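**Q** Please find one structure pasted underneath; my questions will follow.
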Amino acid sequence: MVQFSDEKLKKVNEIVGRYPEGKQKSALLPVLHLAQEEFGGWLSVETMDYVATLLKLEPIEVYEVATFYSMYNLKPVGRYMFEVCQTGPCMLRGSDDIIDYIKKKLGIGVGETTPDGLFTLKTVECLGACGYAPMMQLGKHFREHLTPEKVDQIIEECRRTAAANN
Amino acid sequence: MARKLLLEKANVPGIRGYEVYRREGGYASVEKALKNMTPDQVTDEVKKSGLRGRGGAGFPTGMKWSFLAKPEGVPRYLVCNADESEPGTFKDRYLMEFLPHLLIEGLIVSSYALGSKATYIYIRGEYAWIPDILEQAIAEARAAGFLGKNILGTGFDCEIYVHRGAGAYICGEETALLESLEGKRGNPRIKPPFPAVRGAWDCPTVVNNVETLAAVVPIMNIGGEEYAKIGVGKSTGTKLISACGNINKPGVYEIDMTISVEEFIYSDEYCGGIANGKRLKACIPGGSSVPILPANLLLKTVKGEKRMMNYESLSDGGFPKGSMMGSGGFIVLDEDQCVVKHTLTLARFYRHESCGQCSPCREGTGWMEKILKNIDTGKGKKSDIDLLWDIQRKIEGNTICPLGDAAAWPVAAAIRHFRDEFEWHVDNPQECLVRNYGLAHYADPLEIATPA
Amino acid sequence: MAEEKKLLKVTIDNITVEVEPGTSILQAARKIGGDVAPPAMCYYSKLKGTGGKCRTCLVEVAAGSTADPRPMPKLVASCRTNVMDGMVVKNITSEKVIDARNGVVEMLLINHPLDCPICDQAGECHLQDLSYENGRPGTRYEFARRTFEKHDLGPYIQLHMTRCILCYRCVFTADQLTNKRVHGVLDRGDHSEIATYIHQSLDNDFIGNIIDVCPVGALTDKTFRFKNRVWFLKPVDAHRDCNHPGCKGKVTLWYRGDEVFRVTARKDQWGEVEDWICNECRFEKKKTSDWTIEGPTKVSRHSVISQGHYVGVQRPQEVLYDVLDGRKPKLLMDIHSVSEVNRPDIDLSKIEGPAHSTDFKND
């Protein structure tokens, strides 16, 4: 069942408290981030309905918002999501080659997840790291100045962490 | 060396923490403003400085502040726009990541001037690690008595909250940002009413860019008049430029707007020249929305004068022969780059980021992307180029928010200056798949495209 | 003592009219009427917050006001821009406006399926009217048109997302007329769609009104689906004592012969609902005996619906009996008796869906 821990519920209350009285809908974006982190990296209908109850919203208000913003995953994703920027400045520095390399290396296409559920490849639009291109987002952080060697290292690193945590 | 006002202390070890920041003179502006000045005096100082919004539009900040409605008994809000998403722009990230206290300091002074007791930093969701840095800085400032109730014993209360977006370029538009802050879809609002009258939660609100609010700190420290002396004409003070693309030293640079574009690209202090010994083909000097310029028009204005890195000079010649300062996202293309492909990536970007409210933008951005894709892959027709021109013309100016314009301008400028390259793609459908058009005449006369 | 409100003078396409402060340019233009009124695809005067999105009502403001006669730099959405005293507006007298409007109509149509021949909205579709006035004869769009996953909204309302122009009217309707909105606009940009996300049916007592506010054939009456073309029907005003709070029971019945094919709310000359009606009136009351008939609905003579006339009505079956020499038709018409082409051994009624040439090939 989808249910925040007491500690996370306290966090939700703290977030709601940042906004004026009665404007708890304002907490929707941060609380959805929190829910996505807590409940498997994506937002199921159950999760969204739970958030709606927490913030006293109609479920449709949550669906409308969750589908608008590109960072909310509405389907399950791999444990490590490679979000490679492909907009102009990154393209000038070879992001297309990096995307091709990752595809070949992982044997998946854009939007796909490896059969072991470890990696998802996604292409995204400008992430604001144009000077450090090509780059990708991996979880909370940016990986910049990508080269095939660096991609290899990152994949290795992810596999190692995954193995260590299993 | 140009005078640095924002990044002067960026390389001091530990400047991210309160202790070092304070030791280096941090929070002096808060003491000065809250203890010795009225809110109106602070606003006047900002007016005198001539500071213009650093987010892209370049609107005078002091004037924006003076528009804020102040009805009795209604809270007012300051919202810091940290939704930096314009391709080519990454200066605010640098400020927040390395000098968080500079932003917090600027926010406190600005909140005091505007009477905002709850101030929000709306940061783009992808900068996921930066809220931690900012919240740390806020906690430190609060512990030191610069935030919270009765700051410095002056009776002024202020809290700063970080609100993280979730992936939508459109939320950089101030009314979409406010919608998003209210937990809704980022659909821009129809203006009027302007945020200064009805903004966040229907209360009077000022939305300013990160760099703009950080610049309030040096303005308070050195005085508005002194700040206005730096730079030239209406381009006062310093500006952060985030340089990227095919240059030797991509990064964030602070300039005082008196240097030339040529110096900025080729001097070792800044971009360090074109990477790999290539030649300059074109440049988008102010973030992806502003018109692209071929090398010859970039370095010299149509009057044959040196083009300078400031608001007036960059827009000299208007849209047909000039560009804009915009957000300071400086994207450089070398001779090996394909303008059609580059324009396609921008068209794809704007299609992806259109909120979908207005029909011309919702439908037109996708249409342009599809046509550009055809041309780029050798499936285009000559008539497609005119069609593209017509589509962008029908989007521009006909939408609620400036995203429509932002999507139209790059396509318009690319066709205006690089039409021959588009036609070459159409005429050489096989060849365009294996090689690029090259430099052509864009850098004619070539001498101005090479370092002096 | 209430101060008398000063009226504001506004000139639209060289015609001056006086309106109350707070009136939009569009409402002022509607006061003048005729061609001066800009088309409105998303604005709906009865729904708060609508307008501004479709961009069909763009007009040029040639002078802002007497106090500040500067022109406005961009075209403005007339539905969301208020009149100022001394304002000068150009609608159909502005080439810029016509050009922009043509552009908007082209944009609205590039992904529209143009399936009017099978669309129940045809004949009363605002997009059809708009295209007729401002469209171009062909399309310059050479790509596959957008499609969506099918979405079932339950027994009353049929959704065709491909026809939607995202006016948001139905969302505002659900917000303002019902106590719980279950549908909304999902996704963003060119993939935005009207849906419930979790495939719920819409069954609030007043949700049927979203059919009436929809300017296109995106939301149509499922109980009327494929039953008839609106121009074959004769609209008749009628009422009943409806015990739903908020429903006055004032409707338009759409007859063919003596059969009521559908019930809608009454609409004014701008195509806007006069009084919202409940689902019971709309979907459940389809017998003449349920209603008190007031008389034929006034229909503009320019409307295709005006071709339905009210004298000498004959039931369609009677006409058919006549044509078919008194035989009872199996389908609408027994094509074998009038056509040499189709052999009698091919039973058209056995063919699923529309007949294709392959259906007539020998074995």
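Bear in mind these aren't lab numbers, they're just calculated from the coordinates by the rules spelled out. Everything numeric in this text was worked out from a predicted model, so none of it was measured. In this analysis, Cβ positions are derived from the backbone assuming ideal geometry, glycine residues included, and neighbour counts consider all displayed protein chains.
**Q** Once you sort the root eigenvalues of the Cα gyration tensor of region C:227-307 as a ≥ b ≥ c, which label holds: rounded (a/c under 1.5), prolate (a/b larger than b/c) or oblate (the other case)?
**A** oblate
**Q** Now, a different point. Where nothing but the Cβ of Lys and Arg (+1) and of Asp and Glu (-1) is charged, how large is the charge dipole of region A:20-166 around its Cα centre, in debye to the nearest 20?
**A** Charge dipole of region A:20-166: 240 debye, to the nearest 20.
**Q** Let me make sure I get this right: for region C:111-223, a, b and c are the square roots of the gyration tensor eigenvalues over alpha carbons, sorted descending. Under 1.5 in a/c it's rounded, otherwise prolate if a/b > b/c, else oblate. Which is it?
**A** The shape class here is prolate.
**Q** I would also like to ask the following. What full-extension length gain, to one decimal in nm, is calculated for B:VAL232 and B:PHE319 as 0.36 nm per residue of separation minus the Cα-Cα distance?
**A** Numbers: separation 87, 0.36 × 87 = 31.32 nm, distance 2.16 nm.
Extending this stretch completely gives an extra 29.2 nm.
**Q** How high is the FRET efficiency between B:ASN221 and C:ASP268 when r is their beta carbon distance and R₀ equals 51 Å, given to the nearest 0.05? The partial results should precede the final answer.
**A** Working: r = 63 Å, r/R0 = 1.24.
The value I calculate is 0.20.
**Q** To the nearest 0.05, how large is the calculated FRET efficiency for C:GLU294 and C:ARG229 if R₀ is 22 Å and r is the Cβ-Cβ distance?
**A** 0.35
**Q** Let me ask something else. When the Cα centres of region C:169-230 and region B:291-323 are compared, how far apart do they sit, in Å?
**A** Taking the Cα centre of region B:291-323 as reference, the centre of region C:169-230 is 51 Å away.
**Q** Whole number please: convex hull volume per residue, Cα atoms of region C:1-158, in Å³.
**A** 163 Å³
**Q** So the label point goes 7 Å from the Cα of B:ARG142 along Cα→C-beta, right? Which residues of region B:1-37 then have their backbone N under 18 Å from it?
**A** Backbone N within reach: B:17-19.
**Q** Placing unit charges on C-beta atoms (Lys and Arg positive, Asp and Glu negative, everything else neutral), compute the dipole magnitude of chain B about its Cα centre in debye, rounded to 20. Don't skip to the end; give the middle numbers.
**A** Values: 53 positive and 56 negative charges, 107 e Å.
Dipole size: approximately 520 debye.
**Q** Report the one residue of B:THR399, C:VAL19, B:ILE222 whose Cα lies farthest in the direction of the positive end of the charge dipole of the protein assembly as shown (charges on C-beta: Lys and Arg +1, Asp and Glu -1; origin at the Cα centre).
**A** C:VAL19
**Q** Sorted from fewest to most neighbouring beta carbons within 10 Å, what does the list A:PHE82, A:PHE142, C:PHE232 look like? Before the final figure, lay out each step's value.
**A** Working: A:PHE82 26, A:PHE142 20, C:PHE232 16.
Fewest-to-most ranking of A:PHE82, A:PHE142, C:PHE232: C:PHE232, A:PHE142, A:PHE82.
**Q** With 18 Å as the limit, write out which pairs from B:LYS64/B:LYS234; A:LYS56/C:LYS180; C:LYS46/C:LYS287; C:LYS46/C:LYS285; A:LYS25/C:LYS180 have Cα-Cα distances beyond it, or answer none.
**A** Check vs 18 Å cut-off fails for C:LYS46/C:LYS287; C:LYS46/C:LYS285.
**Q** Treat the count of other C-beta atoms within 10 Å as a stand-in for reagent exposure and order A:VAL77, B:VAL340 from fewest to most.
**A** A:VAL77, B:VAL340
**Q** May I ask what percent, to the nearest 5, of DSSP beta bridges between residues of chain B are antiparallel?
**A** 45 percent
**Q** Based on the Cβ-Cβ distance from A:LYS104 to B:LYS379, what FRET efficiency comes out when R0 is 22 Å, to the nearest 0.05? Display every interim value, and only then the final one.
**A** Details: r = 26 Å, r/R0 = 1.17.
Using R0 = 22 Å, I get an efficiency of 0.30.
**Q** Please name which of A:HIS141, A:LEU127, B:ASN248 has its Cα lying farthest along the dipole of the protein assembly as shown towards the positive end, using unit charges on Cβ (Lys, Arg +1; Asp, Glu -1) and the Cα centre as origin.
**A** Of the options given, the answer is A:LEU127.
**Q** Which order do B:MET63, B:MET257, B:MET309 fall in if you start with the one that has the fewest other Cβ atoms within 10 Å? The partial results should precede the final answer.
**A** Details: B:MET63 13, B:MET257 24, B:MET309 27.
Listing B:MET63, B:MET257, B:MET309 from fewest to most nearby Cβ atoms yields B:MET63, B:MET257, B:MET309.
**Q** For region B:300-452, what is Rg from Cα atoms divided by 2.2 N^0.38 Å, rounded to two decimals?
**A** This ratio for region B:300-452 stands at 1.08.
**Q** Then there is this: Take the cross-link list B:LYS35/B:LYS239; C:LYS74/C:LYS96; B:LYS191/C:LYS31; B:LYS32/B:LYS229 and give me the ones stretching past 19 Å between alpha-carbons.
**A** Beyond 19 Å: B:LYS35/B:LYS239; B:LYS191/C:LYS31; B:LYS32/B:LYS229.
**Q** So, in nm, how far is label B:ASN428 from label C:ARG70 when the simple model puts each one 7 Å beyond its Cα toward the Cβ?
**A** 4.8 nm
**Q** Then there's this: Give me the percent of DSSP beta bridges within the protein assembly as shown that run antiparallel, rounded to the nearest 5.
**A** That works out to approximately 65 percent antiparallel.
**Q** Roughly how crowded by other chains is peptide B:326-336, in terms of the mean Cβ count from those chains within 10 Å of each of its Cβ atoms?
**A** Other-chain Cβ atoms within 10 Å of each residue's Cβ, averaged: 2.
**Q** Sticking with this structure for a sec: Can you bin region A:6-68 into rounded, prolate or oblate? Criterion: square roots of the alpha carbon gyration tensor eigenvalues sorted a ≥ b ≥ c, rounded for a/c under 1.5, prolate for a/b above b/c, oblate for the rest.
**A** Here region A:6-68 falls in the oblate category.
**Q** Going Cα to Cα from B:LYS321, which lysines come in below 17 Å? Please leave out same-chain ones fewer than 8 positions away.
**A** List returned: B:LYS281, B:LYS300, B:LYS303, B:LYS306.
**Q** Here is a further query. Within region A:50-68, what residues put their amide N at less than 15 Å from the label point 7 Å along the Cα-to-Cβ vector of A:GLN3?
**A** Residues A:50-51, A:54 fall inside that zone.
**Q** Could you give the size of the charge dipole of region B:339-434 about its Cα centre, using +1 on the Cβ of each K and R and -1 on the Cβ of each D and E, expressed in debye and rounded to the nearest 20?
**A** 220 debye
**Q** Can you tell which of C:GLY217, C:GLY353, C:GLY271 shows the greatest fluctuation in a Gaussian network model of chain C with Cα springs below 10 Å?
**A** Largest GNM mean-square fluctuation: C:GLY353.
**Q** Have a look at the DSSP beta bridges in region B:18-223 and tell me what percent are antiparallel, nearest 5. Don't jump to the answer; show the numbers that get you there.
**A** Details: 3 of 21 bridges.
Antiparallel bridges make up about 15 percent of those DSSP assigns within region B:18-223.
**Q** May I pose another question? How big, in percent, is the set of alpha carbon pairs in region A:80-165 lying more than 18 Å apart?
**A** Summing the P(r) tail past 18 Å for region A:80-165 gives 36 percent.
**Q** Could you work out the Kirkwood radius for chain B, taking every pair of different alpha carbons, averaging 1/r and inverting it, reported in Å?
**A** Final number for the Kirkwood radius of chain B is 22.7 Å.
**Q** A further question follows. What is the distance in Å between the Cα centroid of region B:177-223 and that of region B:359-403?
**A** 31 Å
**Q** Still on this structure: Ratio to report: Rg/Rh of the protein assembly as shown, with Cα atoms as the point set and Rh obtained by the Kirkwood method; give two decimals.
**A** The Rg/Rh ratio comes out at 1.00.
**Q** Let me ask something else. Compute the distance from the alpha-carbon center of region B:234-287 to that of region B:131-165, in whole Å.
**A** Cα centroid of region B:234-287 versus Cα centroid of region B:131-165: 35 Å apart.
**Q** Please give, to one decimal in nm, the separation of the simple spin-label points placed at C:LYS150 and A:SER44, each 7 Å out from Cα toward the Cβ.
**A** Modelled inter-label distance: 2.8 nm.
**Q** Moving on. Per-residue Cβ counts within 10 Å, from other chains only, averaged over B:81-94: what number is that?
**A** 4
**Q** Work out the mean other chain Cβ neighbour count within 10 Å for the residues of B:155-168 and drop it here as an integer.
**A** Numbers: counts 0, 0, 0, 0, 1, 1, 6, 2, 7, 4, 5, 13, 9, 7.
Other-chain Cβ atoms within 10 Å of each residue's Cβ, averaged: 4.
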